[in-house]
1. For the protein assembly as shown, what is the Kirkwood estimate of the hydrodynamic radius, computed as the reciprocal of the mean inverse distance between distinct Cα atoms, to one decimal in Å?
2. Could you put B:185, C:241 in order, starting from the residue whose Cβ has the fewest other Cβ atoms within 10 Å?
3. Using a 10 Å cut-off around each Cβ, can you sort C:29, A:39 from fewest to most neighbouring Cβ atoms?
4. Could you point to the residue in C:275, A:9, A:37 farthest towards the positive end of the protein assembly as shown's charge dipole, with +1 and -1 charges on the Cβ of Lys/Arg and Asp/Glu respectively?
5. Taking amide hydrogens as modeled 1.01 Å from N in the peptide plane, which residues meet the under 5 Å criterion relative to residue A:223, leaving out close sequence neighbours?
6. What are the label-to-label distances in nm, one decimal and shortest first, from residue B:188 to the same spot in the other copies, with labels 7 Å along Cα to Cβ?
7. Between residue B:201 and residue C:38, what is the FRET efficiency for a Förster distance of 51 Å, r being their Cβ-Cβ separation, to the nearest 0.05?
8. Once the convex hull of the alpha carbons of the range C:135-286 is built, what does its volume come to per residue, in cubic angstrom?
Amino acid sequence: MEFKGRDIISIRDFSREEIDYILEIAKSMEPLASKGSDMLKGKILATLFFEPSTRTRLSFEAAMYKLGGAAIGFAEAEIASVKKGENLADTVRVVENYADVIAIRHPLEGAARLAAEFAEVPIINGGSGAEEHPTQALLDLYTIMKEKGKIDGLKIAFVGDLRYGRTVHSLAYALSYYDVELHLVSPESLKMRREVLEAIKEKIPVKEETSLEKVVPISDVLYVTRIQKERFPDPAEYMKVKGSYKITLETLSKAKKDSIVLHPLPRVDEIASEVDQTPHARYFKQVWNGIVTRMALLALILGAVK
Amino acid sequence: MEFKGRDIISIRDFSREEIDYILEIAKSMEPLASKGSDMLKGKILATLFFEPSTRTRLSFEAAMYKLGGAAIGFAEAEIASVKKGENLADTVRVVENYADVIAIRHPLEGAARLAAEFAEVPIINGGSGAEEHPTQALLDLYTIMKEKGKIDGLKIAFVGDLRYGRTVHSLAYALSYYDVELHLVSPESLKMRREVLEAIKEKIPVKEETSLEKVVPISDVLYVTRIQKERFPDPAEYMKVKGSYKITLETLSKAKKDSIVLHPLPRVDEIASEVDQTPHARYFKQVWNGIVTRMALLALILGAVK
Amino acid sequence: MEFKGRDIISIRDFSREEIDYILEIAKSMEPLASKGSDMLKGKILATLFFEPSTRTRLSFEAAMYKLGGAAIGFAEAEIASVKKGENLADTVRVVENYADVIAIRHPLEGAARLAAEFAEVPIINGGSGAEEHPTQALLDLYTIMKEKGKIDGLKIAFVGDLRYGRTVHSLAYALSYYDVELHLVSPESLKMRREVLEAIKEKIPVKEETSLEKVVPISDVLYVTRIQKERFPDPAEYMKVKGSYKITLETLSKAKKDSIVLHPLPRVDEIASEVDQTPHARYFKQVWNGIVTRMALLALILGAVK
């Protein structure tokens, strides 16, 4: 396995063996995330966020600083050279002179891949279009592994918007490498994209459902996502759907005692705030896991860890 | 006195003894502010500014870098997760995973306190609503101590908008711990808030005035604030008031020779620019003092200084 | 030659001897730009960008981080204290308390000079109005020196908008110190400003042209700039002009074999993308050279290099 110099564009570019290795390195980053380290001293990360994302941007920056490096970048497309009409290929070929690695978020699918074709430094896809968010998938896997002790053998349910949420697409592909059973719970209009569904069905058992009730009692992991109002032409339809996929104390009263609830965040109200206090809630721990997973990726592709 | 892990929300959370200790530590930071230090190496400050404030944000960041730490954050509410509808409690519980300490500025009173209730890492209030700005009060006290050699025994005048200016509220509470005489000079409609006035009157002599003339000759410290046009329904009223509270060379011709003029900045024209050249002017020195005071606070609450 | 504490406002403030020395120090920065250094550890750069410029801002920040320092600042005028009505002199006198050196970009000519008058820390002009961009001129000279092995004796052509482009003004002044022949190729309405033209004509041979054809075959360096649509009252005129100054493979088929094409970037379409693959293209290398040149300037004015 060679990670040095490699781009992180799609979770599908990695084998299961490689993913397992990344998770192992992430684990070894836990003490460094608390104490700090000089592993990437003198190295610079550029964060090019053409679409805002406080969470992902700050997570990458924190990971870099905790390894002793530094971060530069921008957080909006409404800026400078892009406004002046520069294309992405040029922006990337400029910025790679400033930085040792580039994390990019872009509203268009394929943008990160295009950037990687032009750049000589490694590119990390920090979310592109509705398609891919590979570092989120890796931190989700790391969270499941850390909280449940394993991934193989679990029953995992995705709940909410499975059509437009890029994190569920990347995570579905990732989970298809493992021996899991996947339950997809969503309103009719927000069902998992066809191409993802077909690809993962070849490898693992997948069931589509519209009701939470049947799924909660058997799930080891409930992975909840936001349902966005904008996705519904009819507001009344939105209000109805919204209620049916909300995780409350009552929902969880039927859950396995040791099941965990995850969410890529930000949440609006698809998880009731009283759930935060239950032992099921692990969504804020996911955030910490995002730091150590990104530390692992940065250390690996910059060659600081073999 | 224990500072490690403590939140800095209101100046009223501190005793006089504690404030004096912070000022002492601030003094010991002066050489480190010039040369730099590794005291907070590996530590990260997150600045969450839901309301813009170049000055305060850069001051916190500079303090952190001078101690060898790093800073991440955002400078506008118009950003990412907040736009997506995330509430403050969630934002804080996410960001505390990225950082060892959080400085927050927010347009709503009580926001910093709420953040502190949810966060496990220490929260520093960088200004919330019109109510509190505790680090500004501490740097103001430090400036008075440094420039006058003492705080006890001084006659101090506040001039301008005492109703909406959060710095004067925090500073009034802070000064009420000391043996000072306070003169409050403002137009009728911008008088000091009732609740602040009542609280401090129990502890120190306070006089409200509408004219500068009587106050200038007896004051050791003139603390001037901006009078904002938006506060006046009638622009003519604003123009009249504005002129009467302006500090000019003429105003200062009647001042004590060793009196000092302070201002939380930015100023618009409530202090004439020719005053900058006089020995009274100390408002740019306040800025430097803000760095050392914030270095002291960061070092104390992160446990690098006992 | 003394650089410590010096402002970098106009290229005309430097002698040829000084410029040659800066280029020499830039060369010595090449290995540090790759490996990182602790030369400016504990030092802070403030970037005050009142006009957006991703490229220049990130270049300064990267230069500072590569030397072990840190960077703070803002990237838009729409921010905090400026919104509140603060003037530039006050902003600079505040920010110099936070930083050891300030890089400023401002839409108004003279802004950087004014800042330097008020600040005690060194000011670097990161572009002010349409007039000056001295660090760009230095990195352009460094690129020519590095790519051609010399500056004296070369034939250099400027192509495009020579009226509003600040980089060509600074570079023209800089080149007038050397033994070069300058060809100015532009549409009638975008000819080089009179005052620049007169100043440089006293020192070096300068020819104004409206056609590229005659100039390409004799030039050692083609320095291309953007022609902005907004400059033309008549869109039809713009379309015509635009085509005539575009560098394509066909244009370059008549060029000297070892001629180089430079561009301050961002480009829109004044250089066809197929030119990127030719050995003439050096515009992305310019970006790297910007880092080492700015590292040299920071090290010199902060006294880390004599």
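Nothing in this text is a laboratory measurement; each read-out follows from the coordinates by a stated rule. Keep in mind that this is a model prediction, so the values were computed, not measured. Heads up, the Cβs are rebuilt from the backbone with ideal geometry, glycines too, and the neighbour counts pull from every protein chain shown.
1. 30.0 Å
2. With the fewest neighbours first, B:185, C:241 line up as C:241, B:185.
3. By the 10 Å Cβ count, ascending, the order reads A:39, C:29.
4. A:37
5. HN-HN under 5 Å from residue A:223: A:157, A:158, A:159, A:262.
6. 6.8, 6.8
7. Efficiency computed from Cβ-Cβ geometry: 0.40.
8. With only Cα atoms used, the range C:135-286 gives 101 Å³ per residue.
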